[in-house]
1. Among the listed residues Glu136, Glu146, Glu150, identify the single one that is among the acidic types (Asp, Glu), without any contact (Cβ under 8 Å) to a residue 60 or more places away in the chain and either surrounded by 21 or more Cβ atoms within 10 Å (Cβ to Cβ) or within 27 Å of Leu84 (Cα to Cα) (or both).
2. Out of the stretch 154-172, which residues are over 18 Å from Gly53 (Cα atoms), in contact (Cβ under 8 Å) with a residue 24 or more places away in the chain and outside any strand (DSSP E or B)?
3. Identify, from the list Met197, Met193, the residue that is more than 25 Å from Thr43 (Cβ to Cβ), without any contact (Cβ under 8 Å) to a residue 24 or more places away in the chain and surrounded by fewer than 18 Cβ atoms within 10 Å (Cβ to Cβ).
4. Could you count how many residues in the stretch 188-204 are modelled with pLDDT of 80 or more and either in contact with a Gly (Cβ under 9 Å, 6 or more places away or on another chain) or of a type outside the set (A, V, I, L, M, F, W, C) (or both)?
5. With Ile185, Ile151, Ile129, Ile176 as the choices, which residue is modelled with pLDDT of 95 or more, β-branched (Val, Ile, Thr) and outside any helix (DSSP H, G or I)?
Amino acid sequence: MVGKIFITRSGYDPELGKDVKDPYLGPYPTLGACRPDIREKLTEGDHVFVVSGKVSAAPQFVMGGFQVESKITAMAAYRLFPHLRLRQLADGQVSGNIIVNSSGRQHRLDDHNSFERRISNYLVGRKGIRISNAYEVAIGRLETLEALQEILKKKGKTPFELLGRSGATLNETQVIRMREWLEQIKHQSVELMRRSMVGSGSAA
């Protein structure tokens, strides 16, 4: 078992930037269009994690990840996950990570190159973990840089200095440590919410 961790495109931040469409970290997590180089290398049982893109307003954070359950084609994904087909949101952004249309050709909303390479190795996940609510995101932004330094045993002033454009490979010990840290964030978040509710009740 190994893992991969990479940074998504600049400006893509679920709280302060553009919609992060790939990976999808919902109930059935997937990575379907981006980073074909990473998808090619991962196999069943491996893990993938993603860091938010650079925005000027706040530090980047590890958004979450999942374990690879299977690798399928984009056409199979089209049939299995209709909610992840490409679509345009009300604000004009494109969402979804399945880049084929009903006939298996490149969807009109997908304007990237290397279509043939990108429709293979669609990753379907299990054991997904997502940093999502405001408390979790705040803790993630605060701790990500130090956590990456500790897990990777590497120094750097930004996630990019630690991961670069290609991302980083994690060994089994590092994968376990990454998941433990993300779970710890979620536990800390629950405690912070509990304290907030208690404080609000006391004030009332």
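The values are calculated or read from the model by the stated rules, or taken from the named source; none is laboratory data. Model, not experiment: these values are computed from the prediction. Note: ideal-geometry Cβ built from the backbone for every residue, glycine included; neighbour counts use all protein chains shown.
1. Glu136
2. Correct list: Asn171, Glu172.
3. Met197
4. Total meeting the criteria: 5.
5. Ile129
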